[in-house]
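Peer 1: Quick one: the structure is below, questions incoming.
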């Protein structure tokens, strides 16, 4: 099913006394003509912080693995599992860590570039799937990883990301059930890169050569799980303009009902840390 996406552009002329950096565009709500909104709104669960396990897979033969560029069909990809088996995350070999985090942060034993951790590290945790209504979808959102990420739900490969340091999301609806616990595992492969002051040499990945990079391997951004209704706000982008008192608010609305569906959208802009001070309010029909 190809989702229908509507793009809305609003120009808002702020009063000169207000600093453009001190405002926040807040999508107050999507207004429904019935009570469905109260029953099936967006659910966001932060998966960052504690609760993760990290294991260094030193036996992984990552250098001989193929690199697959998007677009791709994850069902056609070879599946790599932990070389010590999936139960390794419940052993003392797995470290308790926090995300965002890097392999070097927890595994490095030699200081400097000589101590860089190359190869495969596994990051795993249990996630509680909340209750949700029919037609809603469950997504995992990653702010960033480095360099390659293979995402597993209940030990099944569900996504493959080779474009690092870029946000991405994964639709895991087909792989989970509401009101259950699922196992999330992320296989990170990092061929090289560090934070040395020098630009460094080219990075080799088997018989392939990659540009040098200043970074460590790991889950380098926050992770979130979202449950969304079929019609939801997919993205909000505040676009600067040459005029200091003008900003473009660009909102993408995702409709996965496969039919036309009319909703009202209410925009509210208020001062940072002061929601009672409303600067702008508009309903789009």
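The values are calculated or read from the model by the stated rules, or taken from the named source; none is laboratory data. Just so it is clear, the structure is predicted and the values come from calculations on it, not from any experiment. Here the Cβ is made from the backbone with ideal geometry for all residues, glycine too, and neighbour counts use every protein chain on show.
Quick grid of which residues meet (1) in contact with a strand residue (DSSP E or B) (Cβ under 7 Å, 6 or more places away or on another chain); (2) within 27 Å of residue 158 (Cα to Cα); (3) not in a strand (DSSP E or B):
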site	(1), (2), (3)
170	yes, yes, no
174	no, yes, yes
185	yes, yes, no
192	yes, yes, yes
198	no, no, yes
212	yes, no, yes
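Peer 1: To continue, here is another question. Condition (residue is part of a loop (DSSP other than H, G, I, E, B), closer than 21 Å to residue 72 by Cβ and modelled with pLDDT under 95) applied to the stretch 116-139: is it met by at least one residue?
Peer 2: no
Peer 1: For residue 239, indicate whether it is within 30 Å of residue 136 (Cα to Cα) and at pLDDT below 90.
Peer 2: Numbers: within 30 Å of residue 136 (Cα to Cα): yes; at pLDDT below 90: no.
No; evaluated as a whole, the condition is false for this residue.
Peer 1: Further question on the same structure: Six or more apart or on different chains, Cβ under 8 Å: which pairs go from a residue in the stretch 49-64 that's within 23 Å of residue 78 (Cβ to Cβ) to one that's assigned to a helix (DSSP H, G or I)? Could you list them?
Peer 2: Listed by first residue and then by second, the contacts come to 55/88; 55/89; 56/103; 56/107.
Peer 1: To continue, here is another question. Those residues that are modelled with pLDDT under 90 and either within 17 Å of the chain's Cα centre (by Cα) or farther than 21 Å from residue 150 by Cα (or both), I need them from the stretch 173-210; list them, please.
Peer 2: 194, 195, 196, 197, 198, 199, 200, 201, 202
Peer 1: In the set 140, 157, which member is under 22 Å from residue 235 (Cα atoms), touching a strand residue (DSSP E or B) at 6+ places or on another chain (Cβ under 7 Å) and either buried (at least 17 other Cβ atoms within 10 Å of the Cβ) or in contact (Cβ under 8 Å) with a residue 24 or more places away in the chain (or both)? Full working, then the answer.
Peer 2: Numbers: 157 fails: under 22 Å from residue 235 (Cα atoms).
Residue meeting the stated conditions: 140.
Peer 1: Would you confirm whether or not the stretch 168-178 contains a residue that is at positive phi, in contact (Cβ under 8 Å) with a residue 40 or more places away in the chain and in the same structural domain as residue 118 (by TED's automatic domain parsing)?
Peer 2: In the first step, residues of the stretch 168-178 are kept if they are at positive phi; the result is none.
Looking through the stretch 168-178, none of the residues is at positive phi, in contact (Cβ under 8 Å) with a residue 40 or more places away in the chain and in the same structural domain as residue 118 (by TED's automatic domain parsing).
Peer 1: Another question about this same structure. Applying the selection to the stretch 272-285, what residues are out of contact with any strand residue (DSSP E or B) (no Cβ under 6 Å at 6 or more places or on another chain) and either surrounded by 13 or more Cβ atoms within 10 Å (Cβ to Cβ) or assigned to a strand (DSSP E or B) (or both)?
Peer 2: The answer is 274, 275, 276.
Peer 1: Let me ask something else about it. Within the stretch 258-271, track down each residue that is in contact with a strand residue (DSSP E or B) (Cβ under 7 Å, 6 or more places away or on another chain) and touching a residue at least 40 places away in the same chain (Cβ under 8 Å).
Peer 2: Here is the first cut: in the stretch 258-271, the ones in contact with a strand residue (DSSP E or B) (Cβ under 7 Å, 6 or more places away or on another chain) are 261, 263-271.
Matches in the stretch 258-271: 263, 264, 265, 266, 267, 268, 269, 270, 271.
Peer 1: Output yes when any residue across the stretch 72-91 is over 22 Å from residue 208 (Cα atoms), assigned to a strand (DSSP E or B) and assigned by TED's automatic domain parsing to the domain that holds residue 187, and no when none is.
Peer 2: no
Peer 1: If you check 204, 245, which single one turns out to be in the same structural domain as residue 138 (by TED's automatic domain parsing) and in contact (Cβ under 8 Å) with a residue 12 or more places away in the chain? Steps first, please.
Peer 2: Details: 245 fails: in the same structural domain as residue 138 (by TED's automatic domain parsing).
Step by step, each of 204, 245 is checked, and only 204 is in the same structural domain as residue 138 (by TED's automatic domain parsing) and in contact (Cβ under 8 Å) with a residue 12 or more places away in the chain.
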